[in-house]
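Let me begin by presenting the structure, written as structure tokens, before commenting on it.
The values are calculated or read from the model by the stated rules, or taken from the named source; none is laboratory data. Keep in mind that this is a model prediction, so the values were computed, not measured. Counting neighbours? That spans all protein chains shown, and the Cβs are built from the backbone with ideal geometry, glycine included. Areas reflect the complete protein model, heavy atoms only, side chains present, ligands, DNA and RNA absent. Shrake-Rupley method; radii C 1.70, N 1.55, O 1.52, S 1.80 Å.
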Amino acid sequence: MASESNMVHSPMVTYASMLSLLTLCPPFVILLWYTMVHADGSVLQTTNYLREHGLQGFINIWPKPTATAWKIIACYAAFEAALQLWLPGKRVEGPISPAGNRPIYKANGIAAYAVTLITYLGLWWFGIFNPTIVYDHLGEIFSALIFGSFIFCIFLYIKGLVAPSSTDSGSSGNIIIDFYWGMELYPRIGKNFDVKVFTNCRFGMMSWAVLAVTYCIKQYETYGRVSDSMLVNTILMLVYVTKFFWWEAGYWNTMDIAHDRAGFYICWGCLVWVPSVYTSPGMYLVNHPVNLGVQLALYILVAGILCIYINYDCDRQRQEFRRTNGKALVWGKAPSKIHASYTTTSGETKSSLLLTSGWWGLSRHFHYAPEISAAFFWTLPALFNHFLPYFYVVFLTILLFDRAKRDDDRCRSKYGKYWKLYCEKVPYRIIPGIY
């Protein structure tokens with residue numbers, strides 16, 4: 001059983017963050033959608049509306065989940081679940097968990113991604129289903145997702161209590177904390193259906209690509225053409241999501257999957273926050289067909305692709321370094337590294353290699369810098385008439401800086417003196433020379 005002491009955050013922090021997430025995030029998602037779609041992307045306009053009409057005004061703009069919305073979500077979820085289960089893929093082992101389990105995955109992400117986009121575009125092309133329906137019912141879909149994912153998290157909590165999938169589970173003795181941070185690290189339905197791969201990758205990240213395409217088609221159907229700003233935004237988002245699915249097996253080694261349990265915090269984020277907030281620059285551009293001109297559009301596109309490539313190359317470099325046990329060349333020469341040893345929860349001593357050259361010699365979490373820059377570049381086509389499209393960039397910056405700190409704290413307690421040595425060699429956390 002997990003005790004209070006080895007929890008990710010203190011109970012007070014958990015209560016505060018949980019209450020704010022429960023009370024502030026659902027209304028924020030609805031207000032974001034309302035502002036982008038009905039208030040010209042202007043925060044001021046929404047604020048004035050709320051000031052005038054008060055709480056009743058807010059209740060009036062909150063769309064009720066409709067049958068159409070539930071149908072769209074159900075078809076999409078069932079389709080993605082089917083692809084996850086039935087598409088062929090290479091057998092991949094995840095990292096060893098704290099309880100000593102090693103999860104087994106089927107890596108079919110890129111295939112599922114290709115099938116999803118081709119099917120979606122095909123349905124539109126042949127006039128079977130028009131993606132603009134998704135855009136027109138977006139508020140209802142977000143509303144349904146808010147309630148639906150809450151019910152889904154209750155199901156996860158009960159499952160963790162009654163029928164956990166592995167020994168990486170257990171209660172902290174506090175129902176609220178259990179619900180929020182999750183009961184299980186690797187919940188599965190049956191033997192093969194991994195819930196976190198579904199929520200994080202196949203529902204959340206996939207919806208990002210599907211909605212990016214939806215916004216593009218909606219603009220085309222409305223104006224008869226797609227503006228260059230919308231093209232740049234959609235291409236960069238799709239390149240980023242493609243990189244994600246190409247790299248999906250690498251994602252299974254990250255903090256989200258290997259450390260954070262499947263609770264409200266991560267599942268609600270992937271089921272609601274990703275489709276609404278992450279896609280919001282595109283949502284804004286639908287009704288604001290900004291004309292950039294070829295030159296500026298190309299500059300932004302190239303800069304964005306470069307950032308996504310650097311982000312990818314950082315991850316690739318570290319993975320190669322680990323795979324070859326520190327023997328791979330980094331930027332054409334032998335890598336500099338630190339041999340660190342640490343003790344596991346069961347008292348075994350294990351060793352690990354810390355890479356201190358290449359991208360990883362610039363700062364300890366350098367890969368976050370190009371990731372934030374990429375988000376900035378795919379929002380930039382919206383130019384600067386309104387602040388709201390940049391909310392995602394601001395949110396991502398706060399999220400990744402917090403994650404870098406959490407990761408550093410975890411490594412400091414794990415590696416001790418070796419971590420101190422590592423920080424002397426690589427003194428900056430994210431931005432070389434600054435932070």
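Things to note:
- Among the candidates Asp256, Asp260, the residue that is acidic (Asp, Glu), at pLDDT below 90 and within 12 Å of the chain's Cα centre (by Cα) is uniquely Asp256.
- Residue that is nearest to Val241 (Cα to Cα) [pool: residues in the stretch 120-142 that are open to solvent by 50 Å² or more (accessible area, probe 1.4 Å) and in a helix (DSSP H, G or I)]: Leu121
- Given (1) open to solvent by 10 Å² or more (accessible area, probe 1.4 Å); (2) assigned to a helix (DSSP H, G or I); (3) within 28 Å of Ala78 (Cβ to Cβ), index of the condition Ile176 fails: (3)
- Condition check for Gly89: in contact with a Phe, Trp or Tyr (Cβ under 9 Å, 6 or more places away or on another chain), free of Cβ contacts under 8 Å to residues at least 40 places away in the same chain and crowded, with 16+ Cβ neighbours inside 10 Å: yes
- The set of residues in the stretch 216-234 that are in contact with a Gly (Cβ under 8 Å, 6 or more places away or on another chain) and surrounded by fewer than 21 Cβ atoms within 10 Å (Cβ to Cβ) contains only Asp228.
- Number of residues in the stretch 413-426 that are touching a residue at least 24 places away in the same chain (Cβ under 8 Å), out of contact with any Asp or Glu (no Cβ under 9 Å at 6 or more places or on another chain) and farther than 17 Å from Thr344 by Cβ: the value is 4.
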